[in-house]
Amino acid sequence: MGAGFVLGGGLAPIAANAMLGLRHEGTNHFGRHAMACDTPGFLTRFAIGFLAVLLIAAPPDAALLMDARADDSATVAPDSAAAGEIRSIIENQLDAFLADDGARAFSFASPDLQVQFGSPDVFMSMVRTGYAPVYRPQDFEFLDLLQAPGGLVQQVHVVGADGNAVIAHYRMEQQPDGSWRIAGCMLTQAPDLGV
């Protein structure tokens, strides 16, 4: 076996590992199946795949976002400067996605998200694969700004390139200098409003 990264313990089915460029290498010293990869870029693909699954299966702060949506009294009317800045941050990130400007889009993410993704390229790859409606919106409209435990959540109605509508729940985090950054986003199906 050449130099490579080894996963053990049955972390993913062999078929999923094959999509990442892994190959079965028998069993490890614990008697579990082991996978190895010599493919360049494996760690980046693995990180993107792992984060996309993590974000889809258990989005960051999903409970926090759901708590905010479940309580009608959570709707807040913060000072217009904060609401305006939050909208501006989200609009600027959506514009950066449309322009494929990864560095600019990444600059609106909270410091914790920047550490989690590590680079604009990894961040943009995750957005392209896991957040297509936000990456290429046809249209968007700001909805409620909600108070949630630990911060504010801005809801945005987004129509993706495929014409399907979602609600993007942006968790906003106020920085020590008073500015706002995006600390997470969860997409949910938009309600069918009918005609």
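The values are calculated or read from the model by the stated rules, or taken from the named source; none is laboratory data. Source: prediction; values computed, not measured. Note that each Cβ is placed from the backbone with ideal geometry, even for glycine, and that neighbours are counted across all protein chains shown. Side chains included, ligands, DNA and RNA excluded: accessible areas come from the protein's heavy atoms. Shrake-Rupley method; radii C 1.70, N 1.55, O 1.52, S 1.80 Å.
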Only residues in the range 166-184 that are of a type in the set (Ser, Thr, Tyr) count as the first member; pair them with residues that are surrounded by 18 or more Cβ atoms within 10 Å (Cβ to Cβ), Cβ under 7 angstrom, at least 6 apart or cross-chain, and list the lot. 170/90; 170/153; 170/154; 170/156; 170/182; 170/185
So, in the range 146-195, of the ones that are surrounded by 21 or more Cβ atoms within 10 Å (Cβ to Cβ) and more than 16 Å from the chain's Cα centre (by Cα), which residue ends up farthest from residue 85 (Cα to Cα)? 148
Among the residues of the range 79-111, which ones are open to solvent by 30 Å² or more (accessible area, probe 1.4 Å), aliphatic (A, V, I, L, M) and not in a helix (DSSP H, G or I)? 99
Looking only at strands (runs of 3 or more DSSP E) that fall completely inside the range 145-193, which ones have 2 or more residues that are among the charged types (D, E, K, R)? 165-174
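Answer yes or no as to whether residue 114 is assigned to a helix (DSSP H, G or I), open to solvent by 50 Å² or more (accessible area, probe 1.4 Å) and of a type outside the set (Gly, Ala, Ser).
Working: assigned to a helix (DSSP H, G or I): yes; open to solvent by 50 Å² or more (accessible area, probe 1.4 Å): yes; of a type outside the set (Gly, Ala, Ser): yes.
Taking the combined requirement at face value, the residue satisfies it.
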Name the pairs: first residue in the range 137-163 and in contact (Cβ under 8 Å) with a residue 12 or more places away in the chain, second residue basic (Lys, Arg) and assigned to a strand (DSSP E or B), Cβ to Cβ under 8 Å, at least 6 apart or on different chains? 148/171; 151/171; 152/171; 153/171
